[in-house]
1. List the aspartates and glutamates whose alpha-carbon lies under 18 Å from that of LYS380, not counting same-chain residues fewer than 8 positions away?
2. Can you pull a Stokes-Einstein diffusion coefficient for region 3-120 at 4 °C (1.567 mPa s), Rh from Kirkwood over Cα pairs, as a whole number of µm²/s?
3. Within 14 Å, Cβ to Cβ, of ARG283, how many net charges do the neighbouring residues add up to if Lys/Arg are +1 and Asp/Glu are -1?
4. Over region 138-253, how many percent of alpha carbon pairs lie in each 10 Å bin up to the one with the longest distance?
5. In a shell of Cβ-Cβ distance under 15 Å around VAL45, excluding VAL45 itself, what net charge do Lys and Arg (+1) and Asp and Glu (-1) give?
6. What does the charge count around ARG549 come to, taking other residues whose C-beta lies under 12 Å from its C-beta (Lys +1, Arg +1, Asp -1, Glu -1)?
7. If we count other beta carbons within 10 Å of each Cβ, what is the order of TYR161, TYR528, fewest first?
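Each value in this text was obtained by applying a stated rule to the coordinates, not by laboratory testing. Worth saying up front: this structure is predicted, and the values here are computed from it rather than measured. FYI the Cβ positions are ideal-geometry reconstructions off the backbone, even for glycines, and counts take in every protein chain you see.
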Amino acid sequence: MSTLLLVEDSETQALQMRRLLEANGFGVHRVPTAEAALEALNEAVPALVIADFHLPGMNGDELARQIRLNSRTRAIPVLMLTEAREGDMERQGLESGADAYVPKSADHELLLLRIRALLRRSAVTAPSSQSIAFRRAKTLVIDDSATFRTYLSGLLAREGYVVRAEADAEIALEAVAQAPLEWDCVVINVLGTGYDGASICARLNALRGAMSGMAGGTAGFQIVAVGSDSPTERENSAHVFEAGADDLVPGIAEPRLLGMRIRAALRRKMLQDEERRAAEEIRAREVSLQRAEAKAAMAEALARANDELEEANRQLRDAQTKLVQAAKMALLGELVAGIAHEINNPLAFILAHQRTVERVLHQLRSVVGEKDEALGLVEKGIERSNSMTLGLKRIEELVANLRKFSRSDDAFQTVNVPDAMETVLALLAHKLGEGITVERRYEAPPELRCSPALLNQVVMNIVANAADAIDGRGRILIATSSDTRNYQIEVVDSGPGIAAELRERVFEPFFTTKAAGAGTGLGLAIAYNVIQAHAGSVSVTEGPSGGARFVITVPLDSGT
């Protein structure tokens with residue numbers, strides 16, 4: 001149910017209007033004066049204000065202006081009521097900020113249609129917490145004439161103002177000095193005999209100027225002088241304006257004109273208040289926005305610093321991992337070299353004596369006759385000696401391959417790629433077994449200037465992973481190719497392949513797709529770092545038969 005604020009001083013007309021509105025589903029809160037209406041607006045914001053134009057004190061047009069001046073109430077629709085013959089009143093009411101005008105004598109149905117139309121267009125929102133509440137203007141009257149002081153006080157009180165009257169100008173100035181922000185208007189009779197009117201205006205203006213630094217969003221009070229505008233008093237009038245008075249009203253003016261002039265001065269003051277409040281709100285929003293932007297920038301900088309710190313920590317962890325693995329590889333190389341050396345000495349001894357035994361057996365066969373029973377034993381010994389030779393040669397090749405693999409020199413050198421590939425395959429023979437067929441397709445030049453680790457570690461890790469991925473029988477292709485700029489090594493297997501979402505992660509340290517305990521996740525990470533040292537790249541895609549396809553690309557001039 002929409003609640004309407006009815007501002008009507010006539011009890012009879014207010015009762016009739018209340019009954020009409022409540023009968024049509026509206027809630028009604030009625031007040032008799034504009035001042036009471038403003039106080040009611042401080043408590044709650046109605047859906048619509050219905051105001052009589054003619055009200056005691058502040059008229060309906062001034063009420064409309066006050067409503068429009070306040071950001072809390074400026075969107076409330078205002079319907080003005082007046083007599084049908086008062087065409088000028090309609091224009092005056094609309095100019096003051098009313099939304100519509102309806103004569104009191106109009107048909108009730110027309111009045112209700114007007115109200116519903118205004119409510120449809122209403123855009124009243126919840127009051128802002130920063131909005132300024134309405135209040136009755138506070139005026140100070142300075143006049144040493146008791147008769148005129150009483151007259152002015154009564155006139156302003158009837159207009160709805162809070163009035164304080166002082167005969168002593170010094171007491172009045174002290175009241176202003178103690179609380180300059182309390183006053184909206186000071187009315188001074190500059191024709192008073194107990195003080196110099198122009199001097200009092202100047203002192204009031206000085207107080208008003210001093211409060212400019214105190215008045216957070218509030219304009220200084222208005223100074224309205226009451227005197228004479230006769231030609232003989234014009235020089236005195238000029239002094240009054242020069243002293244700081246905002247208006248000079250003839251003392252002989254009729255009460256209605258005097259009230260209008262003071263109300264106009266107060267209206268200017270309210271407009272200045274609103275402008276300053278709006279400026280303060282804009283500045284407050286700008287400061288709030290700047291603070292929010294500063295906080296956002298700080299948060300962004302902190303997030304960026306955290307990201308950089310995390311990246312530094314990641315690089316540190318990677319470096320530590322590489323150092324540990326490099327130490328392990330160096331230790332393994334020394335261990336393999338030592339084992340190869342230890343095996344090589346007895347192996348050379350066995351090979352030397354085995355050749356002696358083989359030579360003796362051949363000599364013995366020429367001495368033993370063909371029919372001699374010992375000939376069969378000699379032949380069998382020669383056969384076994386030949387088998388021993390093959391086995392010893394295999395051990396000799398394995399030792400040679402171990403010595404090649406254990407080289408710790410990372411310096412770039414000319415490497416025979418096919419020979420290095422065969423060394424790798426020989427070392428992985430136990431993984432390949434008889435079920436995996438290795439196809440070789442060496443189309444690039446045999447020699448490549450690189451670090452031996454490129455082939456000993458990178459290719460070995462990739463081929464070893466390919467062998468692990470093949471369950472049962474399968475095929476591995478090792479191919480080389482080159483152009484004028486790059487050298488490529490391709491390893492393709494017939495295994496299950498690597499899922500697309502995992503291909504970017506296979507080179508991360510400790511990432512593995514093998515079962516727990518079956519892999520460390522370091523093999524391809526080490527391979528990736530070796531390839532980076534060659535300013536090269538490695539990619540993994542799906543092979544032609546559905547397996548994994550690794551392509552290693554290094555520049556031909558990476559070792560220069």
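1. Output for LYS380: GLU358, GLU370, ASP372.
2. Answer from the Stokes-Einstein relation: 93 µm²/s.
3. Result for the local shell: 0.
4. 15, 49, 31, 5, 0
5. Summing Lys and Arg as +1 and Asp and Glu as -1 gives +1.
6. Numbers: positive: ARG503; negative: GLU490, ASP493, GLU542.
Cβ neighbours under 12 Å give a net charge of -2.
7. Ranking TYR161, TYR528 by Cβ neighbours within 10 Å, fewest first, gives TYR528, TYR161.
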